[in-house]
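The values are calculated or read from the model by the stated rules, or taken from the named source; none is laboratory data. As the structure is a prediction and not an experimental result, all values here were calculated from the model. So basically every Cβ, Gly included, is an ideal-geometry build from the backbone, and we count neighbours across all protein chains shown.
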Amino acid sequence: MTTEHEPLTGDRAVPHLKDFDPYRDAFRADPYPEYARVRDHGGPVYWDYLDSYVVSHHADAAAVLADPRLGLRPPDPVAELLAVMVPESLRSMERTLLFQDPPDHTRLRNLTRRPFASPRLHGVLAQAREGADRILAEALRRGGLEVVDDLAFPVSLQAIGDLLGVPRADLPLLKDWGQAMSPAADIPADPGSIERAVEAFEAFDAYLGDLAERRRADPRDDLFSSLVAAEREGLMSRAELHANAILVFISGHETLVAFTASAVLTLLRHPDQLALLRARPELAASAADEVMRYESPLQLATAGGGRWTGEDVELSGRIIPAGSRVLTFLGAANRDPAVHPDPDRFDITRDGTPHLALGHGLHYCLGAALAKRQGTLMMEALATWPADFTSEAVDAPEWLPLFMQRRLARLPVTVTARR
């Protein structure tokens, strides 16, 4: 995709990013040396491969995510090209708050955020913790578990399903649809993933239409019922109702799935920090933040599109022209030594300098409270689990073949009673 411009030249020109390939197996295994090389350019760089400007420093990333001159809506020529390239059903996802600028973003965020700050969240998380404890106890009896499918998915799906108001019996089906849709948001999306995403979206759309009818007749104390009421009052369209419910479901569990698997892997790779967490379970919240910083579940801000400059923007003394796409490398920004000293060291006692794993500014993660609290409860569960765990995959784990998302495909562990 092109914006049909050339990077500016002169004293404030943006250098080109050379030989950067995030689609190699070696990058997926350890992207952080490459991110350090990108940061060494000292500011924004131009990436020819995606005709985009890239920011990798914490200060630049925070500035881009908070600057109203950078919006989510692409220039008209790009929007017209997307309308041709992206199937009509998937374009419905553009109606989510993830792809909207104010005032529509403000309207949709206000309608969607309430349950994430409601007293009901406490009960949802308490049940999620009970679920995690049951799974871990069963793993100790069996002598092992596969972290992604046996722990991360069940706990994360239960929490977001209960908050959204999806019957638990339907969660496996919705999980499959969500997993089919997510790869289509990668940069660039594999053509085969688009076809699978279309089928999944259409199934999701039909399911939500049926669920909406049931909630109109029998409202519940859940997010979906709240959104159905907003649609009935004319505050959002049917397409917005369905698209934002899908967004909440997918983003509300995928971040926690990635977090949980990375937490177990990172603790296995840093036994001193696991020992410290066990000795001081009160560090669980700090440990959760450190996992999110150290292995950011989302490596790029905003699925698929990044931000677009509405005018020339100066950043770190360099000019990004109007009409340009800007990609924010969250994984690189969260390892910026200017903000996080010795950034490649995993340290659950860090001073709490804010990371960007959950975004920043206007589009700060809607479910940040859920993510942080669920991450904390998972670290508490691991800290108090009376088990030792090991994995033969610790040195060469299997990562999903995606750039935007950093998530293990699987992580089998052997479990024994702690001595």
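A few remarks follow.
- Just one of the listed residues (ARG73, ARG37, ARG107, ARG113) is farther than 24 Å from ASP190 by Cβ, basic (Lys, Arg) and part of a loop (DSSP other than H, G, I, E, B), and it is ARG73.
- Condition met for LEU400 (among the aliphatic types (A, V, I, L, M), in contact with a Leu (Cβ under 8 Å, 6 or more places away or on another chain) and at pLDDT below 95): yes
- Near pairs, Cβ below 8 angstrom, 6+ apart or cross-chain, from the range 276-288 (at negative phi) to any residue that is of a type outside the set (Ser, Thr, Tyr) and not in a helix (DSSP H, G or I): LEU276/ILE348; LEU277/ILE348; LEU283/ILE348; SER286/ILE348; SER286/ARG350; SER286/GLY352; ALA287/ILE348
- Of residues in the range 193-209 being more than 16 Å from PHE403 (Cβ to Cβ) and small (Gly, Ala, Ser), the one modelled with the lowest pLDDT: ALA197
- Some residue of the range 359-369 being farther than 25 Å from ALA184 by Cβ, surrounded by fewer than 19 Cβ atoms within 10 Å (Cβ to Cβ) and of a type in the set (A, V, I, L, M): yes
- Top-ranked residue in the range 95-104 [being touching a residue at least 24 places away in the same chain (Cβ under 8 Å) and in a helix (DSSP H, G or I); ranked as farthest from HIS363 (Cα to Cα)]: ARG95
- Take the conditions (1) surrounded by fewer than 17 Cβ atoms within 10 Å (Cβ to Cβ); (2) touching a residue at least 12 places away in the same chain (Cβ under 8 Å); (3) at negative phi; (4) not aromatic (Phe, Trp, Tyr); SER316 misses just one of them, which is (3).
- Per the listing ASP222, ASP210, ASP218, the residue uniquely surrounded by 18 or more Cβ atoms within 10 Å (Cβ to Cβ) and not hydroxyl-bearing (Ser, Thr, Tyr) is ASP222.
- Taking each residue of the range 233-262 that is assigned to a helix (DSSP H, G or I) and looking for partners that are among the acidic types (Asp, Glu) with beta-carbon atoms closer than 7 Å, six or more apart or interchain, yields ARG238/GLU231; LEU241/GLU231; HIS242/ASP205; SER262/GLU295.
- Scanning the range 150-192 for residues that are modelled with pLDDT under 90, within 19 Å of ARG406 (Cα to Cα), surrounded by fewer than 18 Cβ atoms within 10 Å (Cβ to Cβ) and not acidic (Asp, Glu) yields one hit, PRO188.
- Looking only at the range 40-54, and only at residues there that are in a loop (DSSP other than H, G, I, E, B) and of a type in the set (D, E, K, R), the one that is nearest to SER316 (Cα to Cα): ASP40
- When residues of the range 125-145 are limited to those that are in contact (Cβ under 8 Å) with a residue 12 or more places away in the chain and surrounded by fewer than 15 Cβ atoms within 10 Å (Cβ to Cβ), the one farthest from VAL415 (Cα to Cα): GLN127
- Test: residue in the range 171-189 that is in contact with a Gly (Cβ under 7 Å, 6 or more places away or on another chain), within 30 Å of ALA126 (Cα to Cα) and either of a type outside the set (A, V, I, L, M) or without any contact (Cβ under 8 Å) to a residue 60 or more places away in the chain (or both): yes
- Of the residues making up the range 286-308, those that are modelled with pLDDT of 95 or more and more than 17 Å from VAL257 (Cα to Cα) number 1.
- The range 190-230 - residue that is among the small types (Gly, Ala, Ser) and in contact (Cβ under 8 Å) with a residue 24 or more places away in the chain and, of those, nearest to ARG91 (Cα to Cα): ALA197
- Of all the criteria given as (1) buried (at least 22 other Cβ atoms within 10 Å of the Cβ); (2) of a type outside the set (Lys, Arg); (3) within 20 Å of LEU356 (Cα to Cα), the one not satisfied by ALA285 is (1).
- Leading residue by the ranking (surrounded by the fewest Cβ atoms within 10 Å (Cβ to Cβ)) among those in the range 324-347 that are of a type in the set (Val, Ile, Thr) and within 21 Å of the chain's Cα centre (by Cα): VAL326
- Exactly one residue out of GLU94, GLU80, GLU88 is among the charged types (D, E, K, R) and surrounded by 14 or more Cβ atoms within 10 Å (Cβ to Cβ), and it is GLU94.
- Test: residue in the range 296-309 that is over 26 Å from ARG28 (Cα atoms), in contact with a strand residue (DSSP E or B) (Cβ under 9 Å, 6 or more places away or on another chain) and not aliphatic (A, V, I, L, M): yes
- Among all positions in the range 349-358, there is at least one residue which is farther than 30 Å from ASN110 by Cβ, modelled with pLDDT under 95 and not β-branched (Val, Ile, Thr).
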